[in-house]
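Asks: Right, I'll just put the structure down here and ask away after.
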Amino acid sequence: MSFSFFKPSRPRSPQEVAKAIKDSLTALDTKTVVEVKALEKALEEVEKNFGIMRCMLCGEGDTEPNADQVTQLVQEICKEDIIALLVHKLMILGWEARKDLVYCWSVLLKQKVGSAYCCVEYIENHMELLDFIVVCYDNKEIALTCGNMLRECIKFSTLAKYILESASFELFFKFVELPNFDVASDAFSTFKDLLTKHGTVVCEYLTAHYDEFFDSYEKLLTSTNYVTRRQSLKLLSDFLLEPPNSNIMKRYILEVRHLKVMMTLLKDSSKNIQISAFHIFKVFVANPNKPGEIKVILAKNHKKLLELLHNLSAGKGAEDEQFEEEKELIIKEIGRVSR
């Protein structure tokens with residue numbers, strides 16, 4: 001005879017898990033959370049359901065996730081519009097729930113159903129969700145969560161392309177200089193991914209929005225914030241000197257205003273910024289098809305430039321030897337155009 005008063009609970013099906021997640025998120029609507037205790041209980045339910053979702057998607061301990069269950073759960077999450085709920089309820093979620101959400105978000109986006117990325121396709125049909133997540137950088141409580149979610153989205157070229165071409169992208173020029181260092185750094189990581197993950201997409205964007213992009217980018221290069229100047233200069237090298245953007249680079253080095261910015265950065269009080277600026281400045285000088293205006297600027301400033309370059313050193317080792325060789329070639333070219 002069994003004296004157990006409790007039967008072991010039956011594992012929930014993917015459909016039941018999805019329904020529970022949807023119901024608990026919907027219960028967070030302001031109309032139903034008039035009292036603090038009611039809100040606390042609703043948030044606890046969300047947290048519990050997110051934990052169950054994480055276990056089903058990722059497994060638990062030594063137990064691997066069941067592939068069929070994962071597929072069914074992903075399908076249900078898309079079918080029931082839970083992706084949209086996950087995004088729109090971000091601001092009200094607790095810390096533990098946000099942590100589980102970030103983990104699950106990565107798995108959800110990468111999960112294929114057949115040959116399709118089900119959740120990515122859902123977002124492609126609801127691109128306004130990306131705008132919503134970007135804007136959340138303005139809320140420091142959830143900014144880092146949103147940053148993680150955005151960088152997972154940016155791994156897919158269609159989603160990265162949408163953000164680049166949306167009005168939301170302009171906000172990154174503000175976000176990377178927010179007073180909260182952690183948020184600004186996270187925003188810069190996302191900004192960097194947008195400009196480096198998909199070469200062809202970035203090239204198309206820069207070709208179509210060349211002037212407006214570099215007008216905004218110049219403000220980062222000339223920022224009073226040292227971290228902003230250094231990071232934006234390094235990023236400029238990362239995407240401008242890459243092969244897919246060769247035509248963008250050729251256009252960039254024909255413009256006097258960009259040369260002047262690099263010349264100013266060569267005088268920066270930071271040696272690291274001086275070195276990074278040199279690696280872009282040298283492309284202006286080494287260009288065999290320099291416009292007359294560029295030659296005039298180099299000639300007029302040749303004494304000061306030569307003084308700066310002679311005092312510029314990269315350090316020690318093989319990299320320093322290469323740097324010195326490049327520097328000597330640039331010095332000679334400046335001397336040649338100054339005669």
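Asks: Using Stokes-Einstein with the Kirkwood hydrodynamic radius over Cα pairs, what translational diffusion coefficient do you get for segment 10-125 at 25 °C and a viscosity of 0.890 mPa s, in µm²/s rounded to a whole number?
Replies: 170 µm²/s
Asks: Also, quick follow-up: Give the list, by residue number, of cysteines in the chain with no other Cys Cβ closer than 4.7 Å, or say none.
Replies: If one checks each Cβ against the other cysteines of the chain, 55, 58, 78, 104, 118, 119, 153, 203 turn up with nothing under 4.7 Å.
Asks: Then there is this: Calculate the FRET efficiency for residue 157 and residue 135 from the Cβ-Cβ distance with a Förster distance of 30 Å, rounded to the nearest 0.05.
Replies: 0.85
Asks: Run the numbers for residue 125 and residue 60: contour at 0.36 nm per residue of separation, minus the present Cα-Cα distance, in nm.
Replies: 20.2 nm
Asks: Something else about it: Identify the trypsin sites (Lys or Arg not before Pro) of segment 231-309 meeting these criteria: DSSP loop state and at most 16 other C-beta atoms within 10 Å of the C-beta.
Replies: For trypsin sites (Lys or Arg not before Pro) across segment 231-309 that sit outside H, G, I, E and B with at most 16 neighbouring Cβ atoms in 10 Å, the list reads 267.
Asks: For residue 113 and residue 251, what is the calculated FRET efficiency with R₀ set at 45 Å and r taken between the beta-carbons, to the nearest 0.05?
Replies: 0.60
Asks: Rounded to whole Hz and in sequence order, give me ³J(HN,Hα) for segment 149-166 from the Karplus expression 6.51 cos²θ - 1.76 cosθ + 1.60, θ = phi - 60°, writing x for Gly and Pro.
Replies: Once θ is set to phi - 60°, the couplings for segment 149-166 become 5, 5, 5, 5, 5, 5, 5, 9, 4, 5, 6, 5, 4, 4, 4, 4, 8, 8 Hz.
Asks: What's the angle, to the nearest 10 degrees (0 to 90), between helix 256-266's Cα axis and the longest principal axis of the chain?
Replies: Orientation of helix 256-266: about 90 degrees from the principal axis.
Asks: Also, quick follow-up: If a/c stays under 1.5 just call it rounded; otherwise compare a/b with b/c (prolate if a/b is bigger, oblate if not). Do that for segment 104-152, with a ≥ b ≥ c from the square roots of the Cα gyration tensor eigenvalues.
Replies: Oblate, since a/c reaches 1.5 and b/c is not below a/b.
Asks: Suppose all protein chains stay in the model; what accessible area per residue would a 1.4 Å probe give for the chain, in Å²?
Replies: In whole numbers, the chain has 53 Å² accessible per residue.
Asks: A further question on this structure: Please report, to one decimal in angstroms, the Kirkwood hydrodynamic radius of segment 243-339 built from all distinct Cα-Cα pairs.
Replies: One decimal place: 13.7 Å for the Kirkwood radius.
Asks: Let a ≥ b ≥ c be the square roots of the eigenvalues of the Cα gyration tensor of the chain; is it rounded (a/c under 1.5), or, if not, prolate (a/b larger than b/c) or oblate?
Replies: It is prolate, given that a/c is not under 1.5 and a/b is the larger ratio.
Asks: Counting only protein heavy atoms and a 1.4 Å probe, tell me what percentage of segment 86-225's accessible area is made up of carbon and sulfur.
Replies: 51 percent
Asks: Further question on the same structure: Accessible surface of residue 196 in the full protein assembly, 1.4 angstrom probe, to the nearest 10 Å²?
Replies: 60 Å²
The values are calculated or read from the model by the stated rules, or taken from the named source; none is laboratory data. These figures come from a predicted structure and were not determined experimentally. Cβ coordinates were reconstructed from backbone atoms using ideal geometry, including for glycine residues, and neighbour counts include every protein chain displayed. When the accessible area is computed, the model is the full protein with side chains, heavy atoms only, and any ligands, DNA or RNA have been set aside. Shrake-Rupley method; radii C 1.70, N 1.55, O 1.52, S 1.80 Å.
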